[in-house]
């Protein structure tokens, strides 16, 4: 579980960000001033800091500068109402990994959080092919067959199955699959994933209503069992 520190002095904004991140399964700690956030970050080593610039006691700029001067700094997403280019450039020059200007949609915010955290993890090799029972799938050629007969699959279905097959036996959250397969700019919903999984089961599983390979982990995501 990724640990996220939210540093924001607006109570309603802080509560909203904290709630939505916790619903996504992150371990979240919240503070309302720069000094407290800086000390907590040094002691607890969060994976990501969501950092408002206009903080009491120590500005977000100063927090960013100090953390970036230390070994193994966390990822930092700057969050501010300032929209001027000079402010964005200064934040990025100080070492911020991303910059979100208020107002913003929570879907965009979560997509950017997922993208930053995924960027920090080492990339896993993607399989070129998979075979389960009578189904054979070639991800390089975007070709699939079942019992020797051509099997029609959409490009998204190929990409989704390949992402799951890259980590066999491991539960992958819906949010992570959305980010990896659909990307940052699309902002699809988790229902999108569910619909594609249903389509894949109809094509791959012997009994789609009782799947043996594309398993649902309720409230979390999906798991591929070869």
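The values are calculated or read from the model by the stated rules, or taken from the named source; none is laboratory data. Please read all numbers here as calculations on a predicted model, not as lab measurements. Ideal geometry is used to build each Cβ from the backbone, glycine not excepted, and the neighbour counts take in all protein chains shown.
Values for this structure:
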read-out: Failed item, numbered, when residue 115 is tested on (1) in contact with a helix residue (DSSP H, G or I) (Cβ under 7 Å, 6 or more places away or on another chain); (2) surrounded by fewer than 11 Cβ atoms within 10 Å (Cβ to Cβ); value: (2)
read-out: Wholly enclosed strands (runs of 3 or more DSSP E) of the range 1-75 bearing at least 3 residues within 27 Å of residue 219 (Cβ to Cβ) and more than 25 Å from the chain's Cα centre (by Cα); value: none
read-out: Given (1) modelled with pLDDT of 90 or more; (2) exposed (fewer than 13 other Cβ atoms within 10 Å of the Cβ); (3) closer than 30 Å to residue 23 by Cα, index of the condition residue 165 fails; value: (2)
read-out: Matching residues, the range 1-23, being closer than 24 Å to residue 174 by Cα and crowded, with 17+ Cβ neighbours inside 10 Å; value: 2, 4, 5, 6, 17, 18, 21
read-out: Odd one out for residue 105 among (1) closer than 30 Å to residue 4 by Cβ; (2) more than 15 Å from the chain's Cα centre (by Cα); (3) surrounded by 16 or more Cβ atoms within 10 Å (Cβ to Cβ); value: (3)
read-out: Filtered residues of the range 8-50 (kept if touching a helix residue (DSSP H, G or I) at 6+ places or on another chain (Cβ under 7 Å) and more than 19 Å from residue 111 (Cα to Cα)); value: 8, 29, 30, 31, 32, 34, 37, 38, 41
